[in-house]
């Protein structure tokens, strides 16, 4: 019911005040069919743990996952962080187009169904207090909420807290990213214990942030942690 009300609300608003496409700026839809067709979906050979594309690789698990302690079971992403979807994510994050969350959560529903994970609840990578105050919202939660409503799963935003401020991961090396988010999160044990938890983020590059969230959840005695992101950047 909540999913239908949420969808109806945005559809009504879009009918009264037609939006511009976040990918191409044309009038009529928040993310038009043409931009969806141009979105480069991740469908090639991927690491079976972190989901990083590695076409032609012999091993099912990438070198990074073989040499790094991974706290989640699987991480998957819908599309490459380029072209229309990159523009759309930037519009969601920096121009407060919150209705995009409803539209962009749709492919995540399919991604979750395809992977057929046993999930108890959904949460999102949290922002630090200052960044959330400046932005006014958490863009990852804008994806997590409609995904939860459409799949009938509960969304628990408060299960993970960012307990220290971190630098932006943009421009950092693999090792710098890992160090930057190490110990940055704390999970609520009374909410996490025994639960299979799905963590949502907008973009992943190395997976360090979701892995740090997963570590916090496992320390809080979650049974399993999975991750889904809307897009994956292949460039540090």
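The values are calculated or read from the model by the stated rules, or taken from the named source; none is laboratory data. Everything numeric in this text was worked out from a predicted model, so none of it was measured. FYI the Cβ positions are ideal-geometry reconstructions off the backbone, even for glycines, and counts take in every protein chain you see.
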Q. If you take the residues of the stretch 129-174 that are surrounded by 14 or more Cβ atoms within 10 Å (Cβ to Cβ), at pLDDT below 90 and touching a helix residue (DSSP H, G or I) at 6+ places or on another chain (Cβ under 7 Å), which of them is farthest from residue 235 (Cα to Cα)?
A. 166
Q) From the list 121, 108, which residue is closer than 19 Å to residue 143 by Cβ, modelled with pLDDT of 95 or more and surrounded by fewer than 21 Cβ atoms within 10 Å (Cβ to Cβ)? A) 121
**Q.** Positions within the stretch 197-230 being part of a loop (DSSP other than H, G, I, E, B) and closer than 19 Å to residue 92 by Cβ, in sequence order
**A.** 205
Q) Just to be sure, is residue 153 under 19 Å from residue 213 (Cβ atoms), in contact with a strand residue (DSSP E or B) (Cβ under 8 Å, 6 or more places away or on another chain) and not in a helix (DSSP H, G or I)? A) yes
Q.
Quick check on residue 194: is it outside any strand (DSSP E or B), surrounded by fewer than 23 Cβ atoms within 10 Å (Cβ to Cβ), out of contact with any strand residue (DSSP E or B) (no Cβ under 8 Å at 6 or more places or on another chain) and modelled with pLDDT of 95 or more?
A. yes
Q: Report, ordered by the first and then the second residue, all pairs with beta carbons closer than 7 Å, sequence separation of six or more or different chains, a first member in the stretch 157-185 that is on the phi > 0 side of the Ramachandran plot, and a second member that is buried (at least 19 other Cβ atoms within 10 Å of the Cβ) and part of a loop (DSSP other than H, G, I, E, B).
A: none
Q: Inspect all residues belonging to the stretch 175-183 and state whether any of them is touching a helix residue (DSSP H, G or I) at 6+ places or on another chain (Cβ under 8 Å), part of a loop (DSSP other than H, G, I, E, B) and more than 20 Å from residue 73 (Cα to Cα).
A: no
Q) Looking only at the stretch 35-71, which residues are in contact with a strand residue (DSSP E or B) (Cβ under 6 Å, 6 or more places away or on another chain), in contact (Cβ under 8 Å) with a residue 24 or more places away in the chain and surrounded by fewer than 16 Cβ atoms within 10 Å (Cβ to Cβ)? A) 40, 41
Q) Which members of the stretch 90-128 meet the condition of being under 14 Å from residue 228 (Cβ atoms), touching a residue at least 60 places away in the same chain (Cβ under 8 Å) and touching a helix residue (DSSP H, G or I) at 6+ places or on another chain (Cβ under 8 Å)? A) 104, 108, 112, 119, 121, 122, 123, 124, 125
(Q) So, restricting to helices (runs of 4 or more DSSP H) that lie completely within the stretch 86-150, which ones have at least 1 residues that are under 13 Å from the mean Cα position of the chain (by Cα)? (A) 99-104, 106-115
